[in-house]
Amino acid sequence: MTKKIADYEKYKKKSLMILIVLVLAWLGIGLFSLAAGSYNVPLTEILKAIVGKSEQANVNTIIYNLRLPRILTAMIGGTGLGIVGCVLQAILRNPLASSSTLGISQGASFGAAFAIIVLGAGVQGSAVSAVKFVNPFLISFYAFLGSIAVSFLILALSRFKKISAEGMILAGVALSAMFQGATTLLQFFANEVQLASVVFWAFGDLGRTGWREVIIMAVTVFVSGCYFMFSRWDYNALEVGEQTAISLGVNVNRVRIMNMLVCSITAAVIVSYLGIINFIGLVAPHIVRRFIGNNHVFLLPTSALMGGILLLVGDYIARMAITPVILPIGAITSFMGAPLFLYLLFKSGQRK
Amino acid sequence: MITVKEISFQYGKENPILENISFSAKAGESLAILGNNGAGKSTLLKCMNRILMPQQGRVLVDGQNIYQMPLHQVAQNLAFVEQKIPNSRLKVYDVVMLGRKPYIKWGIQKQDEEIVQAVLQQMDLQKMAVRYFDELSGGEQQKIMIARALAQQPKVLLLDEPTSSLDLRNQYEVLQLVRDIGRENQIAVVMVIHDLNLALRYCDKFLLMKDGRIYEYGSQEIITEQSIAEVYQVKVKIGILDGEKVILPCSHKI
């Protein structure tokens, strides 16, 4: 075996180690988060409660019905947002691409606002700490429709007008502004209670999901994750330029459209259950990229795990900062994500 | 062996960019596409590679029409090195591995690893295999892109101005390497190149283009003071130095 192979094997081993560490961190922080809360539960009881075997009935209830869905939501939702961000950055060849910069979040906001204000799926009781939506399913459904509508508009534009990757990003920015404007208009005509619930929805909340929603998200993220992993060499080929990718046998247009579609469905499912959660999809790939570069064989799974870890940490801060009040997770991720992004930006100098 | 037959190309309803282009290059041979800016040289190269679809004509590689193949099969026959070098944060090894993309179905096979290692060795790039591509110099990057093209194991290698961003030494090195490898592996090399002296030195055949048409096509003899004056609208003198043709520009007025 020659020297250079040894070097490359070493690099592969290092990347694999990072991947394993992230898997452990993802699981570990998840477990740690399960233990954290206003009701103290020892770790052994938690492990028993996960499988529903704790002797204390109330521990079973707290862990199984309340904390576990919430933690799984953070783990799965963050993972999905992370991998979608990574794929969007790859296929659009733009470090700024993510579901929130492409207007998917704004579309969801508009859909939710429409359901609350026009269709009356709004809030019961006005105490902000105890908001209960009349019809959460309707809100999620319209949020999903809103975000899918934005992605279809972008795709239709790129299909019929043959716009470039850059054009798609710009179209996303334009559509974001448009949908934001539409949401503001709706809010202008809303009453106080409706306004409060629109704002509250957009804050983002990991506590809205029950087991059924967790399973829907898990299936969506798993299936799209498999699709993304299967396309990993397409993303690598795009790394060396669009024309070279075509010359390597990649049907760039089809790859772009199919991936946009899968990305927007995945992001729409997550956002419609969780609300607006910014920066996870943008920052997670950039963090791991610093350590392993752009080889998507490793970049995809590590971005996904990093997304999950960031959302778990965000959720932990949101719950523990001023217990028992739970701060809005969307605000926390933006508050954490932006400085992190700036740090990466200045640390890496001119590089993307 | 690549045969280009009667290719015509235009964008929409605009003026044609290529009109009725036909030529061929044998395995092991290198052909230079020459001509003024806007003559359609790069467009021709992209048509030969199916990045662009011409309205008329065929491109045959060993008798097979590439417009009737699936894309990955085209990539197994023709490799293309773009003029613009990408800014890519992949390890050099992974960039060269991309040459195996047309062959990869589920994952990398042992054979792919072996081919990549052989190419790295052939081009003396082993020592930078685990460096990031975007941290290397322009000359190194160009060589790596050529290595990537070779890992495709193509029958035809298409190069779009391979020396445009290289210094003098690297220009010679890269062209020498391409010619040697083309001959050794029996690959037909087709390159767009601006430097006429380099073209004379390293290519066997010449395709002189003007305004989307073939002005002349043949061996070194077609490069004359007169044909250059016609195509480029400049006056040159051609001398013989150490038995090689050398072109010296005189004046931009004819």
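The values are calculated or read from the model by the stated rules, or taken from the named source; none is laboratory data. Remember, it's a predicted structure, so these values are computed and weren't measured experimentally. FYI the Cβ positions are ideal-geometry reconstructions off the backbone, even for glycines, and counts take in every protein chain you see. With ligands, DNA and RNA removed, areas are computed over all heavy atoms of the protein, side chains included. Shrake-Rupley method; radii C 1.70, N 1.55, O 1.52, S 1.80 Å.
Things to note:
- In the range B:201-254, the residues that are at positive phi and open to solvent by 40 Å² or more (accessible area, probe 1.4 Å): B:Asp211, B:Gln233, B:Asp242, B:Gly243
- Enumerated strands (runs of 3 or more DSSP E) restricted to the range B:128-221, each holding at least 1 residues that are not assigned by TED's automatic domain parsing to the domain that holds B:Leu18: none
- Filter result (in a helix (DSSP H, G or I), under 16 Å from A:Arg70 (Cβ atoms) and at pLDDT below 85) within the range A:1-50: A:Ala35, A:Ile46, A:Ala49, A:Ile50
- Of residues in the range A:251-275 being of a type outside the set (A, V, I, L, M, F, W, C) and open to solvent by less than 10 Å² (accessible area, probe 1.4 Å), the one nearest to the other protein chains (Cβ to nearest Cβ): A:Asn259
- So A:Tyr64, is it of a type in the set (Ser, Thr, Tyr), assigned to a helix (DSSP H, G or I), open to solvent by 20 Å² or more (accessible area, probe 1.4 Å) and more than 21 Å from A:Pro285 (Cα to Cα): yes
- Any chance B:Lys127 is facing chain A (nearest Cβ under 9 Å), loosely packed, with under 15 Cβ neighbours inside 10 Å and under 27 Å from B:Leu168 (Cα atoms): yes
- Condition met for A:Ser15 (farther than 30 Å from B:Asn87 by Cα and in contact with a Phe, Trp or Tyr (Cβ under 6 Å, 6 or more places away or on another chain)): no
- All helices (runs of 4 or more DSSP H) inside the range A:236-330 with 3 or more residues being among the hydroxyl-bearing types (Ser, Thr, Tyr) and closer than 27 Å to A:Tyr142 by Cβ: A:252-274
- Checked across the range B:118-126, the condition of being polar (S, T, N, Q), touching a Leu at 6+ places or on another chain (Cβ under 7 Å), free of Cβ contacts under 8 Å to residues at least 24 places away in the same chain and in the same structural domain as B:Val59 (by TED's automatic domain parsing) holds for at least one residue.
- Listed conditions (1) open to solvent by 50 Å² or more (accessible area, probe 1.4 Å); (2) within 14 Å of another protein chain (Cβ to nearest Cβ); (3) among the aliphatic types (A, V, I, L, M) are all met by A:Leu248, apart from (1).
- Residues satisfying the stated conditions in the range A:226-243, i.e. in contact with a Leu (Cβ under 8 Å, 6 or more places away or on another chain) and not aromatic (Phe, Trp, Tyr): A:Met229, A:Arg232, A:Asn236, A:Ala237, A:Glu239, A:Val240
- Being in contact with a helix residue (DSSP H, G or I) (Cβ under 6 Å, 6 or more places away or on another chain), of a type in the set (Lys, Arg) and either at positive phi or within 14 Å of another protein chain (Cβ to nearest Cβ) (or both) is true of A:Arg232.
- Scan of the range B:135-182 for residues that are within 14 Å of chain A (Cβ to nearest Cβ), polar (S, T, N, Q) and open to solvent by 10 Å² or more (accessible area, probe 1.4 Å), ordered by number: B:Gln141, B:Gln153
- Screening A:Gly241, A:Gly275 for residues that are on the phi > 0 side of the Ramachandran plot, touching an Asp or Glu at 6+ places or on another chain (Cβ under 8 Å) and in contact (Cβ under 8 Å) with a residue 40 or more places away in the chain leaves exactly one candidate, A:Gly275.
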